[in-house]
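**Student:** Handing you this structure, nothing more for now.
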């Protein structure tokens, strides 16, 4: 090795160790608290709402949003927010409006190290409201069982939604990336969609239809009753336990298994390209089945509603559970 090359290597190694030493010294000065490296500062502000309202409209960017029933019947909005991205809270046309006022300069969008996330907590004075509309870019949303709405409409890009609140009309939740969990609720109708994520429904009763759409992710339904249920997915399994549809149960998936456990419907249609269709139903059906490469084992019953199952690559194995 040439002498000049050795010198360059020695200098390079010395620079690396010098940099590490400086980094260690700087981190020691801030007690290795990474939040000190952030150029984003947060503060907690409380906004009192004195006017009454029946509707809620929330436009959020990166907030985690939660609702709590107020103990003293007053309405307050507590925001853990950035200093230059404070919230605007007002009542207009009988609607509580919460939005983010972004006052950052263009250069403040560059090189941001943020080790925390904004949070908005809404303390509500009563249990029942007309409508809830949330438009969120990135953040988790939690709605407790204490609340009831005439309608719920939630849309988000990245984040999860947990909804334990009932609605007399439509509950609509649409996400790009994130999980949706709905439990212990009743609703007029439900429309749940996520592109990449899971959908969980447990102890749900709907007077009308339930529509579920998943691009990539698993769907788990437990103790669900409705008038009709339609599920569409591209990639992902669907598991149904104690699911009852008085009229139609329609499942379509490209890649994924369909598993029934003690389910029933007036008519059942299942179509999957790659996946097995297995499990148990509660009443006799007229089975119409087809598979390209797979085994078929279904009861030879001639009564009941139609049960049509089609799969390209997969087995079809259904049994009727004795409920007597």
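**Student:** Take 93, 54 and order them by how many other Cβ atoms sit within 10 Å, fewest up front.
**Tutor:** 93, 54
**Student:** Another question, if that's okay. Under a plain spin-label model, where a point goes 7 Å from the Cα along Cα-to-Cβ, how far apart in nm are residue 41 and residue 234?
**Tutor:** It is 4.5 nm.
**Student:** Be a star and scan segment 49-81 for residues whose amide nitrogen sits under 14 Å from the point 7 Å along the Cα-to-Cβ vector of residue 91.
**Tutor:** 49-57, 73-77
**Student:** May I ask for the equivalent-ellipsoid semi-axes of segment 205-324, computed as the square root of five times each C-alpha gyration tensor eigenvalue and listed largest first in whole Å?
**Tutor:** 19, 19, 11
**Student:** In addition: With the Cα gyration tensor of segment 218-268 in hand, give its eigenvalues times 5 under a square root as the equivalent ellipsoid semi-axes, listed largest first in whole angstrom.
**Tutor:** 18, 12, 8
Only the coordinates and a few stated rules stand behind these numbers; no lab work does. Since we're looking at a predicted model, the values are computed, not measured. Note: ideal-geometry Cβ built from the backbone for every residue, glycine included; neighbour counts use all protein chains shown.
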